[in-house]
Structures are given as C-alpha cells and as structure tokens.
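Asks: The structure's right below; bear with me while I get my questions together.
The values are calculated or read from the model by the stated rules, or taken from the named source; none is laboratory data. Just so we're clear, the structure is a prediction, and the values are computed from it rather than from any experiment. Backbone-built Cβ (ideal geometry, glycine too); neighbour counts: all protein chains shown. We work out accessible area using only protein heavy atoms, side chains counted, and drop any ligands, DNA or RNA first. Shrake-Rupley method; radii C 1.70, N 1.55, O 1.52, S 1.80 Å.
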Amino acid sequence: MIDKRIEIHAAPMQGITDVYYRREHAAVYGGVDFYYTPFIRIERGDFRKRDLREYQEDELKNCVAQVLPGSGEELRRLVEPICAKGDKRVDVNIGCPFPPVMAHGRGAALLNNPDKLEDVLKALGDLAGEIEFSLKMRLGYADAYQWRDVVEMINGVSLRHVAVHARYAKQQYKGECDLDAFEAFAAECKQEVVYNGDIHTEEDIEKVLARVPRLKGVMIGRGLIGDPQLARVLRGEERLNEAESFRKFHDAIVNELSGRFSDGKQVVGHMQTYWEYLFPEGDRKAHKMIKKAHTLDQYTAGVSMLIASL
C-alpha cells in the first residue's frame, strides 16, 4: 500500500484508453485519481474529430484532457473546446516519442527545439489564469539529460505538476528507465513532479520514492492496462475476484462499442488492441484465439477461455 498522498494518474494510450475504457475502469476498479484522454490534436488545420468527440462524451469528473500542440497558436486553439465544455484543467504533451508525431514538430520534438517549446510555454503562461496546466514530457529527445536545455523555461510557468517518463524519446519504450537522470531532473525542477515509466508493483514506486521523496504522484500506463486492478491494490484495497470483475469490465466496453459500430469486426479490431497488454501471463492458447479472431463470436470464445483460466 502506498502513501495516500501519492497520486495515481492513468496514462493515456491511443486506441485503448478511450472514453469507454475510462468510464468502465472507474466504475469497476477505481483507485485512480486522474485519467487522461489520448491527446487532442490538430491535423491538416483542423481538430481530429474522433478525439474531440470522445472527450466531449466523457463525464468523469477526474478526467483531464491532454493536448498535443506544435506551437503556441495551436495550444490556444486546442484549449477552446475544453473551456467550452467547462473544464479548467489541461495536460500539455511535450513527450510523445512516436516518429510521425515528432516529424511534425510535436510531442518530444519540442524538447529538441527550445525556441518552439518557448513559444508553447509562453501561450501556456498567457492562459494560465483561466486554466490549470500540467506537462507530460520525456527526459529528452536524444539523451536522458537534454532536459537541462529546457528546465528553466519549465520552472518559469505556472503548472500543477510535470509528469516525466524516465526515458528519452529515441528509446521509445525500450531499455531501462533512467532513475539517475530523473532524480537529477527532480532536483532542478521547481514544479511538483510525477514519475512515469515501468510501474507494475508497489516496489517499483518505492524504488522511485527512495530517490525522490517529494514525489507528487505516479503515472501508470502499460502496467495498469495489463493489470486493471493495480491502482486499487496500490491503494490498499482488496483484490476483486479476477474473473468476475474482468468479465463485468470487458463486457461493458464491448456492449458500448457494439452500440457505436455497426459491424462486429470493428468491435473485435478495437478490442484486440487491448490484448497486446492485458494479462500477459494468461492462457497462451486463449491469447492466440483472441488475436486471430475475425468475428465477434470467435473473439468472445477466446475471451471466455482466458477468463476461465484466471
């Protein structure tokens, strides 16, 4: 059980942690202080309508919109629909490591371009009176100490916290998290700091806290998707019956998707992305059935087999 003062943030993951996932995870499992939307962005001069629609459908009080600006002007545009909804919190992503995102000067590419980052942070500062901002970043673009080029800029704006994935962008999700570099960043950063990267157990959190005792919270991505009960367990709550709770969680998402998509294949395609992370130690034959399913019946049979093995 971790200290109650440590916040638990559920990291967003495109294609997985959509509005249905967030809603049902909160209802069945809980334990999360804040959920984040997969980033809202502008493409070809306009909003990605699907991202915006899913955000506008979300009624969770503890859901925070994450935006992906490439300039100060984009940030100003991105916060407009968030303010229109009545929300007052925005998370600004300057850490996404995916090459197509960085190729357009967004995400972690900003860490490699201090002038563009300064433009984004200036807009953030101008808007900070009406909106509470946080940042999501990496330690750097090409190395784990590149944050030194931008930490003073980050210190100079009003933020709720800075969430740092303890890798640099070119690593993607490979290799070990760099706790030495994260500890050095936390020592020089005047903002509240949230740790992100390879959190799967309470011991993983304690290892970071030993380095940075003032830690405000942890942001958990793949670890929480793989074990949906992780946050509640970290909060000291009893683990729910694995099969029953997951059946309730899973079927609620499938039912909502079935109302959205007219074709069962679309539901299957969407749900299969979850299984890249869910129960990695689960029945291998069931995992294979789920992965190869082409119809909703085939998919459901594979899921039932896996649930029976829990």
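Asks: Amide H to amide H under 5 Å from Tyr36: which residues, 5+ apart in sequence or cross-chain, H placed 1.01 Å off N in plane?
Replies: Residues meeting the amide H criterion: Ala10, Val64.
Asks: Across segment 160-170, in residue order, what do the Karplus-derived ³J(HN,Hα) couplings come to in whole Hz, using 6.51 cos²θ - 1.76 cosθ + 1.60 with θ = phi - 60° and x for Gly and Pro?
Replies: Result, ordered by residue: 6, 6, 10, 9, 10, 7, 7, 9, 9, 4, 5 Hz.
Asks: Picking from Gly140, Gly282, Gly72, which is most flexible by a Gaussian network model of the chain using Cα springs under 10 Å?
Replies: Gly282
Asks: Can you check what the net charge comes to around Gly217, using other residues whose Cβ is under 10 Å from the Cβ of Gly217 (Lys, Arg +1; Asp, Glu -1)? Numbers along the way, then the final one.
Replies: Details: positive: Arg5, Lys216; negative: Glu7, Asp33, Glu192.
So the surrounding residues net to -1.
Asks: Which one, [x] 54, 45, 33; [y] 84, 42, 30; [z] 55, 40, 36, gives Cα extents along the principal axes in Å as derived from the coordinates shown?
Replies: The calculated read-out lines up with [x].
Asks: Then there's this: Got a sec to turn the phi values of segment 94-107 into Karplus ³J(HN,Hα) couplings, 6.51 cos²θ - 1.76 cosθ + 1.60 with θ = phi - 60°, whole Hz, x for Gly and Pro?
Replies: Rounded to whole hertz, the list is 10, x, 4, x, 6, x, x, 6, 5, 4, 9, x, 10, x.
Asks: In the neighborhood of Asp204, defined by Cβ-to-Cβ distances under 13 Å, what is the net charge if each Lys or Arg adds +1 and each Asp or Glu adds -1? Please list the in-between numbers first.
Replies: Values: positive: Lys207, Arg211, Arg222; negative: Glu176, Asp198, Glu202, Glu203, Glu206, Asp227.
Here the count lands on -3.
Asks: Run the simple label-point estimate for Ala103 and Glu244 please: 7 Å along Cα→C-beta, distance reported in nm.
Replies: Rounded to a tenth, the inter-label distance reads 5.0 nm.
Asks: Taking θ as phi - 60°, what are the ³J(HN,Hα) couplings along segment 212-220 by the Karplus curve (6.51, -1.76, 1.60), each to the nearest whole Hz, with x for Gly and Pro?
Replies: Result, rounded to whole Hz: 10, x, 7, 3, 7, x, 10, 10, 10.
Asks: Give me the percent of Cα-Cα pairs in segment 204-310 that sit more than 18 Å apart, rounded to a whole number.
Replies: 55 percent
Asks: For the chain, which whole-number percentage of the solvent-accessible area (1.4 Å probe, protein heavy atoms only) is attributable to carbon and sulfur atoms? Each step should come with its number before you reach the end.
Replies: Values: 6680 of 13860 Å².
Ligands and nucleic acids excluded, carbon and sulfur give 48 percent.
Asks: While we're looking at this one, here's another question. Can you give me the long-range amide H partners of Asp91? Hydrogens built in the peptide plane at 1.01 Å from N, cutoff under 5 Å, separation of 5 or more residues or another chain.
Replies: For Asp91, the qualifying residues are Ala65, Gln66, Val67, Ser134.
Asks: Same structure, new question: Amide H to amide H under 5 Å from Glu7: which residues, 5+ apart in sequence or cross-chain, H placed 1.01 Å off N in plane?
Replies: Residues meeting the amide H criterion: Gly217, Val218.
Asks: What net charge is computed for the residues neighbouring Lys291, neighbours being all others with C-beta under 15 Å from the C-beta of Lys291, Lys and Arg scored +1, Asp and Glu -1? Working shown, then result.
Replies: Details: positive: Lys265, Arg284, Lys285, Lys288, Lys292; negative: Glu276, Asp283.
Around Lys291, the charge tally is +3.
Asks: Hey, another quick one. Could you check what % of the DSSP bridge pairs in the chain are antiparallel, to the nearest 5? Please report the intermediate quantities before stating the final value.
Replies: Details: 2 of 32 bridges.
So the antiparallel bridges in the chain amount to around 5 percent.
Asks: Sort largest first and round to whole Å: the equivalent ellipsoid semi-axes of segment 1-150, each the square root of five times a Cα gyration tensor eigenvalue.
Replies: Details: eigenvalues 120, 71, 46 Å².
Rounded to whole Å, the semi-axes are 25, 19, 15.
Asks: How many Å² of accessible area per residue for the chain, probe 1.4 Å?
Replies: Working: 13860 Å² over 310 residues.
Value returned for the chain: 45 Å² of accessible area per residue.
Asks: Go through Lys248/Lys285; Lys136/Lys288; Lys207/Lys288; Lys174/Lys291 and tell me which ones have a Cα-Cα distance over 32 Å in this structure.
Replies: Numbers: Lys248/Lys285 22 Å; Lys136/Lys288 35 Å; Lys207/Lys288 35 Å; Lys174/Lys291 23 Å.
With Cα atoms farther than 32 Å apart: Lys136/Lys288; Lys207/Lys288.
Asks: Next question, about the same structure. So for the pair Glu80, His200, with labels modelled 7 Å out along Cα→Cβ, what separation do we get in nm?
Replies: It is 4.5 nm.
Asks: Note down the relative contact order for the chain as a percent, whole number, built from C-alpha pairs under 8 angstrom at least six residues apart. If you can, show how the numbers build up before the last one.
Replies: Details: 530 pairs, mean separation 52.0, N = 310.
Relative contact order of the chain: 17 percent.
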